[in-house]
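Here is the structure we will look at.
The values are calculated or read from the model by the stated rules, or taken from the named source; none is laboratory data. Keep in mind that what you see is a predicted model, and the values were worked out from it rather than measured. FYI the Cβ positions are ideal-geometry reconstructions off the backbone, even for glycines, and counts take in every protein chain you see. For the accessible areas, the whole protein counts, side chains as well, though only heavy atoms, and no ligand, DNA or RNA atoms are used. Shrake-Rupley method; radii C 1.70, N 1.55, O 1.52, S 1.80 Å.
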Amino acid sequence: MRRRWAFGLRPRLLAALVFTAAVTLGVAALALLPPLQDKLTQQASNDLENATSTDRGLFERQITATLRKTVGRPRQERLTRVGQEIQNRGFTLRARTDARVIVADAVPGEQPIFDTDIAALPRNDILRSIADPVPRTVRRGDTITVTEPIFVDRKYSLDPHASVPGQFVLVTQKQLSDVTTAVGQVRNAFLAAAAAGLLVAVVLGVFLATTIGRRLARLRAAAVRVAREGPDAPTPRDDGLDEVGDLARSLATMQRELRRQEASRRSFVATASHELRTPLTSLQGTLELLEEDLRDGRLDHDDAREQLVAAQRQLRRLGRLATELLDLSRLDAAVPMREEPVELGELCRAVAAEFELGAREREVDLGVTTPPGPCWGRGDPDAVARVVRILLDNALRHAPVGSSVRVLPAYHGSNATVEVADEGPGVAPSDRERIFERFERGSTPSGEGGFGLGLAIGRELARRMGGELRHDDGTGPGARFVLELAIEMPSGSHPEREPAPTAG
């Protein structure tokens, strides 16, 4: 058989593991990296806003104090003095925020009052803050600019006649390169971890696929060998505690069952052949003797009559064996059975009537004790009658001369039962389950031996009808077998109107 490795279990399992790992890592990256960058950017913006808003009051008090001390002096001198006074405060803010710090007046010139960096001024943000004196934060690309207006008393203003006298602007400007760098480092670390995870997934997938493939290959080889050599081939073994191990144990159980069935089949063939050979040999010998007597003209009528009786006995034995083998074949073929109400009392009387002649010949008293009213059970009438025949035949063959056999249909709890009891030697405790196996006989010798099929057929028929056939371990002499069936009344009847006594 051509093997298509491209679609085998190993590549599919490996692809599934790699695909699962890749999808998991991709989803994790999408769920982690963009929100991380946004969160870090927002955190940096909030930190810069909080630091600028906190230091605005400090700058305002320091600028106001400096302007108060320099009232009446030239404007440029006052600006220079303000720049000198706020220098320490500005560099402190820069050290804490790692941002550019700018302080400008309401009419900024070419240079601000204070600037920690030498770069182009954010003039638009400064002018916008002067025109609309409220705190604002602006982000352009990777740059965040925070503007905070600073107000001083008009009488200390640099230009009392200006449109917005006494206003200054505190500007902090920060590059988000550290955020971008941090996100890049996280991305690189994530990619490295993803590559390592994919590599581990590939290695693990190869290992698992190879291991499972080898174990399944061994099981396949064992199954092929069983198909080729039969159930006697070596049993597959796999001690794993996973599904493959369960499969191996199931195959071993199946093989043991096949061996048991094959042994049962061989035993059935051997036993059936032996059981057929015995009466056939006896019949052949009887017929040969009769032929010889007829040919020689010295026929003894009494002896011939005895030989005919023996031949008839063997013919009945053959008929009984053929009937039991036919019953077995029907059971094995799972022939459907009827399910309908069966009146057990009338059925037991009818079946017992079939055995009255045989009971009289054996000098055995055969009686049926029925309850006062009908006793209804659910089953197949033919199958129930067959089970009762098996039990009566078994009881009559083991009952000693002058004893009795009793048949008692009755209700027991939720079951309708038929009990068949004899006064024979009984069944040894060790044989009470074994006798229900095919071709198994009890170890107690008594009466005419059977084939070891009757009780097996009876139990299988009972279970097919949803009931049970068992040996009652009660006290007293003899054997007592009980057929149990579910109670089912015929349509239109009412259980409360039907007498349902319980057997004592």
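Points worth noting:
- Cut-off 12 Å between beta-carbons: net charge of the residues surrounding PRO400, Lys and Arg +1, Asp and Glu -1: -2
- Of all lysines in the structure, the ones whose alpha carbon falls short of 23 Å from that of LYS174, not counting any fewer than 8 places away in one chain, are LYS39.
- Accessible area per residue in Å² at 1.4 Å probe, computed on the stretch 376-420: 30 Å²
- Reach of LYS69 by Cα under 30 Å, taken over lysines that are not fewer than 8 positions away in the same chain: LYS155
- Between the alpha-carbon centres of the stretch 406-439 and the stretch 13-79 there is a gap of 93 Å.
- Protection proxy ranking, highest mean first, for peptides 413-419, 96-102, 50-56: 96-102, 413-419, 50-56, where packing is the per-residue count of other beta-carbon atoms within 10 Å, averaged.
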